[in-house]
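Following: one structure in structure tokens, then a few remarks.
None of the figures in this text is laboratory data; all of them are computed from the coordinates on show. Just so it is clear, the model here is predicted, and its values are computed rather than measured. Here the Cβ positions follow ideal geometry from the backbone for every residue, glycine too, while neighbour counts run over all protein chains shown.
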Amino acid sequence: MEIIICPDEAQVGVYAAAKIAKIAAGVGPKVVLGVATGSSPLTTYIELAKLEKAGKLDLSGASAFALDEYVGLPYTHPESYHDVIRRTVTEPLGIDPAKVSVPDGANPETAGEAYEAAIKQAGGVDVQILGIGANGHVGFNEPGSSLASRTRIKTLTAKTREDNARFFDSLDQVPTHCITQGLGTILDARHVVLVANGAGKADAIAAIAEGPVSSMWPGSVLQLHQYATLVIDEAAAAKLTHQDYYRQIFSTLPAWQRLDV
Ligand code: F6R
């Protein structure tokens with residue numbers, strides 16, 4: 001696991017975008033992105049849009065797959081992930097909306113299989129962008145999720161519903177279920193870039209990077225991925241035991257591994 005510690009949230013966006021752009025350059029304009037919702041990747045999307053504008057990133061033929069969707073929220077609802085992805089990813093990055101997929105929260109019984117088939121049809125995800133929940137979830141794979149899971153319906157924990165209540169008028173309005181890519185689905189992405197900011201993520205980051213691989217901290221499954229990068233701010237890094245080593249690695253990277261920032 002590669003760990004990049006940045007001074008603040010803005011720099012997390014800069015470095016994560018640079019990492020994604022480097023991967024995308026290796027793939028070409030038809031890159032397949034995996035995209036997350038939530039607060040964490042917002043600075044990354046803003047920086048990706050800047051790189052495009054500067055001619056340093058070509059997403060003209062890109063397609064994208066979202067990680068998850070609430071069950072039972074109309075797609076016109078501003079907090080449905082269909083709408084969040086349109087606002088934060090599809091439009092700012094100028095990706096063809098016909099090439100952007102979000103799991104079908106209106107048809108949860110068949111959505112999982114259909115989504116897996118669509119990802120396969122697209123040739124798989126080249127680079128998956130992830131946030132992480134305070135409880136270690138990635139996608140909405142809550143603690144206890146099978147490390148081999150595929151896209152399916154999941155029940156949201158009380159903690160996740162409370163955390164996400166900030167996006168709704170009240171806790172009652174937060175859906176109780178979702179469709180999420182599984183941990184096995186996420187592991188199939190060719191690269192993974194996880195972003196995290198703030199002290200509220202410090203326990204989760206320490207657990208997934210330095211603790212045992214366990215379904216109790218679902219993000220720890222990334223220890224099994226060959227190309228997983230964590231881009232985190234100082235507060236999210238605060239509980240890592242080997243921070244000094246990660247900083248040393250990053251500051252002494254050979255030229256070909258450095259990021260263009
Ligand atoms: C989003 C997702 C979640 C979030 C996580 C962190 O599509 O699947 O795993 O990445 O809940 O959310 P924020 O970034 O809002 O703290």
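Go through segment 183-206 and report how many residues are touching a residue at least 60 places away in the same chain (Cβ under 8 Å) and either farther than 13 Å from I232 by Cβ or assigned to a helix (DSSP H, G or I) (or both).
Let us first name the residues in segment 183-206 that are touching a residue at least 60 places away in the same chain (Cβ under 8 Å), namely 185-186, 188-198, 200-201, 203-205.
Within this subset, residues satisfying the condition of being either farther than 13 Å from I232 by Cβ or assigned to a helix (DSSP H, G or I) (or both) are 185-186, 188-192, 200-201, 203-205.
Matching residues across segment 183-206 total 12.
Can you say whether T110 is in contact with a helix residue (DSSP H, G or I) (Cβ under 9 Å, 6 or more places away or on another chain), of a type in the set (S, T, N, Q) and not in a loop (DSSP other than H, G, I, E, B), as far as the supplied structure shows? Walk me through it before giving the result.
Working: in contact with a helix residue (DSSP H, G or I) (Cβ under 9 Å, 6 or more places away or on another chain): no; of a type in the set (S, T, N, Q): yes; not in a loop (DSSP other than H, G, I, E, B): yes.
No.
Is it fair to say V14 is buried (at least 24 other Cβ atoms within 10 Å of the Cβ) and touching a helix residue (DSSP H, G or I) at 6+ places or on another chain (Cβ under 9 Å)? Walk me through how you get there before you give the answer.
Details: buried (at least 24 other Cβ atoms within 10 Å of the Cβ): no; touching a helix residue (DSSP H, G or I) at 6+ places or on another chain (Cβ under 9 Å): yes.
No: the conditions fail for V14.
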- Item | Which numbered condition A25 misses (of (1) part of a loop (DSSP other than H, G, I, E, B); (2) on the phi < 0 side of the Ramachandran plot) | (1)
- Message: With the requirement that a residue be of a type in the set (S, T, Y), away from the ligand (no atom under 11 Å from the Cβ) and part of a loop (DSSP other than H, G, I, E, B), what does segment 134-174 give you?
- Response: S145, S146, S149, T151, S170
- Item | Test set (1) in contact (Cβ under 8 Å) with a residue 12 or more places away in the chain; (2) in a loop (DSSP other than H, G, I, E, B) - E47 fails condition number | (2)
- Say whether the condition of being touching a strand residue (DSSP E or B) at 6+ places or on another chain (Cβ under 8 Å), within 14 Å of the ligand (Cβ to nearest atom), part of a helix (DSSP H, G or I) and under 26 Å from Y227 (Cβ atoms) is met by at least one residue in segment 70-86. yes
- Given the conditions (1) outside any loop (DSSP other than H, G, I, E, B); (2) free of Cβ contacts under 8 Å to residues at least 12 places away in the same chain, which single one is not true for F65? (2)
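Among the residues of segment 31-46, are any among the hydrophobic types (A, V, I, L, M, F, W, C) and closer than 22 Å to W256 by Cβ? Steps first, answer last, please.
First, the residues of segment 31-46 that are among the hydrophobic types (A, V, I, L, M, F, W, C): 31-33, 35-36, 42, 46.
Retained after the next criterion (residues that are closer than 22 Å to W256 by Cβ): 31.
Checking segment 31-46: at least one residue is among the hydrophobic types (A, V, I, L, M, F, W, C) and closer than 22 Å to W256 by Cβ.
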- Message: Between a residue in segment 11-40 that is free of Cβ contacts under 8 Å to residues at least 60 places away in the same chain and any residue that is hydroxyl-bearing (S, T, Y) and more than 12 Å from the ligand (Cβ to nearest atom), which pairs come within a Cβ distance under 7 Å, given they are 6 or more apart or on different chains?
- Response: P29/S60
- Working only within segment 89-132, note down all residues that are closer than 20 Å to I153 by Cβ, touching a Phe, Trp or Tyr at 6+ places or on another chain (Cβ under 8 Å) and crowded, with 16+ Cβ neighbours inside 10 Å. S101, V102, P103, D104, G105, Y115, I119
- Query: Any idea which of E162, E109, E113, E142 is among the charged types (D, E, K, R) and closer than 22 Å to V192 by Cβ?
  - Reply: E142
- Query: Given the conditions (1) within 14 Å of the ligand (Cβ to nearest atom); (2) touching a residue at least 60 places away in the same chain (Cβ under 8 Å), and given that A209 satisfies all but one, which numbered condition is not satisfied?
  - Reply: (1)
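Within 16 Å of the ligand (Cβ to nearest atom) and either over 27 Å from V231 (Cβ atoms) or touching a Lys or Arg at 6+ places or on another chain (Cβ under 9 Å) (or both): is that true of V125 in this structure?
Values: within 16 Å of the ligand (Cβ to nearest atom): yes; either over 27 Å from V231 (Cβ atoms) or touching a Lys or Arg at 6+ places or on another chain (Cβ under 9 Å) (or both): yes.
Here the answer is yes, as V125 does meet what is asked.
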- Taking first residues from segment 154-179 that are farther than 15 Å from L73 by Cβ and second residues anywhere that are within 13 Å of the ligand (Cβ to nearest atom) and in a helix (DSSP H, G or I), the pairs with Cβ under 9 Å that are 6 or more apart or on different chains are D163/G200
- Task: For G200, indicate whether it is within 12 Å of the ligand (Cβ to nearest atom), closer than 30 Å to I4 by Cβ and not aromatic (F, W, Y).
- Result: yes
